[in-house]
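Structure first, commentary second.
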Amino acid sequence: MHYLDLTLPTPAENLALDEALLETAERAGQPCEVLRLWEPADAAVIVGRSSHVAREVNRGECQRRGIPILRRSSGGAAVVIGPGCLMYSLVLSYQRRPELRAIDRAHHAVLDALVRALGPLVPGVACRGTSDMTIGEVKISGNSVRCKREHLLYHGTLLHDFPLDLIQACLLMPPRQPEYRGGREHATFVRNLSVDAGALRRALAAEWQADEVYAQWPAELTRQLVAEKYSRDDWNFRL
């Protein structure tokens, strides 16, 4: 598997690169799998492809704090990212992993791999709900998926040193909640891992056998997607 440890300067560029990696794999004419790791330099709110911003985000508080709101290409609810939140992105091939065509099996396959990777570092880590990772009853990772014809993009968060009060400030209560949440507010529902980012990076790369450096990442397609999509209000605030 290709390995790319690359954080671009802006949230729009980072979201665009995830989609560009998926589109590049689709255009390759053969299986192309990538693990990308990145950690943003500044806070941002990222809503899901079908999220209604007004229902999930405290837009006034984001404006007051100067925190941008952007929309990703995958589903799920809004998240807050920034320093202390390691982001992972996987592009996986259906030809190599045909079982992933079933969305529920895709969630289980990827999250089970994350549990194997993190288990030696984080006792008690487990999968809960549709696509959460937890320790006990608290959430440490949220994840989402985007499916294409021959590949999927599976990406998510790993909180390790994140200011959790920012989540409470910027997000409203989500319209859909897993049963185990029990109606808890963000402040009592999420927590950080007691693991540094370097150890997380090494564990994920080892689990996915991502040992082939992806040197020629799709810079031009990334720039195109920023210009045509991720920098535009008609995409980010379309719902």
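Every number in this text was worked out from the coordinates using simple rules, so none of it is lab data. This is a predicted model, so every value here is computed, not measured. Note that each Cβ is placed from the backbone with ideal geometry, even for glycine, and that neighbours are counted across all protein chains shown.
Residue-wise, which Karplus ³J(HN,Hα) couplings in Hz belong to region 176-183, taking 6.51 cos²θ - 1.76 cosθ + 1.60, θ = phi - 60°, and x for glycine or proline?
Coupling constants for region 176-183: 10, 10, x, 4, 5, 5, x, x Hz.
Return the Rg/Rh ratio of the chain with Cα-based radii and a Kirkwood Rh. Before the final figure, lay out the partial values.
Numbers: Rg = 16.7 Å, Rh = 17.9 Å.
On the Cα set of the chain, Rg over Rh gives 0.93.
Order these by the 10 Å Cβ neighbour count, fewest first: Ile46, Ile69, Ile135. Don't jump to the answer; show the numbers that get you there.
On the way: Ile46 26, Ile69 21, Ile135 18.
Ascending Cβ contact count within 10 Å gives the list Ile135, Ile69, Ile46.
For each of Cys147, Cys170, count neighbouring Cβ atoms within 10 Å of the residue's Cβ, then give the residues from fewest to most.
Working: Cys147 17, Cys170 23.
Listing Cys147, Cys170 from fewest to most nearby Cβ atoms yields Cys147, Cys170.
Taking the Cβ of Val53 as the center, what net charge do the other residues with Cβ under 15 Å away carry, scoring Lys and Arg +1 and Asp and Glu -1? Spell out each step's value before the answer.
Numbers: positive: Arg49, Arg55, Arg59, Arg71, Arg72, Arg232, Arg238; negative: Glu56, Glu61, Asp233, Asp234.
Taking every other residue near Val53 into account, the sum is +3.
What is the distance, in nm, between label points placed 7 Å from the Cα along the Cα-to-Cβ direction at Ala219 and at Leu239?
About 3.5 nm, to one decimal.
Would you kindly state how much longer the chain becomes between Thr7 and Thr130 on full extension, computed as 0.36 nm times their sequence separation minus their alpha carbon distance, in nm to one decimal?
Working: separation 123, 0.36 × 123 = 44.28 nm, distance 2.74 nm.
Contour length minus the Cα-Cα distance gives 41.5 nm.
How would region 1-141 be classified by its alpha-carbon gyration tensor: rounded, prolate or oblate, with rounded meaning a/c under 1.5 and the a/b versus b/c comparison settling the rest? Don't jump to the answer; show the numbers that get you there.
Numbers: a/c = 1.65, a/b = 1.24, b/c = 1.33.
Oblate, because a/c is 1.5 or more while a/b does not exceed b/c.
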